[in-house]
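Please read the structure below before turning to the comments.
Every number here is computed from the coordinates shown, using simple stated rules; none is lab data. Since we're looking at a predicted model, the values are computed, not measured. Glycine also receives a Cβ, built like all others from the backbone with ideal geometry; neighbour counts cover every protein chain displayed.
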Amino acid sequence: MNKKDYYQSLGVEKNASKDEIKKAYRKLAHEYHPDKGGNSEKFKEVNEAYSVLGNDEKRAQYDQYGQTFSGGGPQGGGFDQGGFGGFDFSGFQNAQGGQNFEFDLGDIFGDFFGGGGGGRKKQKKGRDIQVDLEITFAESVFGTEKTISFTKTSTCDECNGTGAKSGTDMITCSHCNGIGKVVETKRSIFGVFNTEKTCDKCGGIGRIPKERCHKCGGDGLVRKQEQVKVKIPFDVEDGESIRLSSAGEAIKGGSNGDLYIKLHVRNKTVFEREGKNLVTVLNIKLSDAILGAKYNLETLDGPIEIKIPEGIAFGETLRVKGKGIPMDSGRRGDLLVKINIKIPTRLSRNAKKAIDELKAEGI
């Protein structure tokens, strides 16, 4: 029986509309997506929850029974009606309707024997790697290209991963007789099972080197420093990750893992982000606020001259068009300049006299 709270998984109420469920799912799927450095288990959880709550029929079953049904009882492909290994599953029925529960026999047997019952073979994959990369604020806005160095397990370039000494042959593995797999027999309450696993002598290749490679010792793998170029797209934020498929660690008889590059944006900047706009603060003198002036202002594109209008107030914002963050459309956001008026703490005699004259005029 499925006892998971799918509503809690998506963070919605039980009376949530279909649109609310879809919106919650999209938000969480984006947050937990493994390609963005998210939690893969959480990603699976929200996908499972949406597969039920996003389907009207399955949601109705879930709301009524706390689970969903296949409509035809357990589907044990290749098993007779007496059950698997003589064990009869027909007694597992819904007390309210006599309908059989939907069992995933692959999951059940996988828990017992360390392998799925569905016959699907998952290719071996090397370990994923994460590398931290520091970039400037300007690089996070406009994008850039970086070359990074890191150490990982790679395919031996001397033997091209075979493990054999150059000029020598590969011979049939005696442990698996060249099949690449070995059969293990296990006994359980369900009966006797024969399960296949990858041969640990040849790594599933079926052949082993007659003479071992001197560089990798026959493993076909070596630890070495690698360099990769990575293109940082525009408009990335601190903490985001970029995935380079198959750039992770190598494994014999399988595919490379992935490389995740976690970005760290230096906070040494006078700008803040506000959507597609950038925000900065400009300190001006009191006299310039009253009479107006021109100031030099640093932007990500270099210095520009900005005009301060007469009588500007503290906290007012000036907008500089097209100096913000790039957009997919090719346009850019704006630069918002917040005015801060510096009030002097000490005044000369002439300055005080001038202020007294302003006061006399009601200013």
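Are there any GluC sites (Glu not before Pro) in the stretch 178-215 that are in a DSSP loop and have at most 13 other Cβ atoms within 10 Å? List them by number. Could the numbers behind the result be given before it?
Working: sites: Glu184, Glu196, Glu211; in loops: Glu211.
In loop regions of the stretch 178-215 (DSSP not H, G, I, E or B), there are no sparsely surrounded GluC sites (Glu not before Pro).
Check which residues have an amide H placed less than 5 Å from Gly248's amide H, if you skip close sequence neighbours.
Here Gly257, Asp258, Leu259 satisfy the definition.
Which of rounded, prolate or oblate describes the stretch 111-261 when judged by the alpha-carbon gyration tensor and an a/c cut-off of 1.5? Spell out each step's value before the answer.
Details: a/c = 4.24, a/b = 1.60, b/c = 2.66.
Oblate shape, in that a/c is at least 1.5 and b/c is the bigger or equal ratio.
Quick check on the stretch 135-200: take the gyration tensor over C-alpha atoms, sort the square-rooted eigenvalues as a ≥ b ≥ c, and tell me if it's rounded (a/c under 1.5), prolate or oblate.
Values: a/c = 6.20, a/b = 1.74, b/c = 3.57.
Taking the square roots of the gyration eigenvalues as a ≥ b ≥ c, the stretch 135-200 is oblate.
Within the stretch 218-327, list the GluC sites (Glu not before Pro) lying in a DSSP loop whose Cβ has at most 15 other Cβ atoms in a 10 Å radius. Please report the intermediate quantities before stating the final value.
Details: sites: Glu226, Glu237, Glu240, Glu249, Glu272, Glu274, Glu298, Glu305, Glu310, Glu316; in loops: Glu237, Glu240, Glu249, Glu310, Glu316.
Sparse-neighbourhood loop GluC sites (Glu not before Pro): Glu237, Glu310, Glu316.
What residues have an amide H closer than 5 Å to that of Val131, excluding those fewer than 5 places away on the same chain, when H is modeled at 1.01 Å from N in the peptide plane?
It is Tyr260, Ile261, Lys262, by chain and number.
Whole Å is fine, so just give me how far the alpha carbon centre of the stretch 140-158 lies from that of the stretch 227-256.
8
List every residue whose amide H lies under 5 Å from the amide H of Arg207, counting only residues 5 or more places away in sequence or on a different chain, with H placed 1.01 Å from N in the peptide plane.
Cys173
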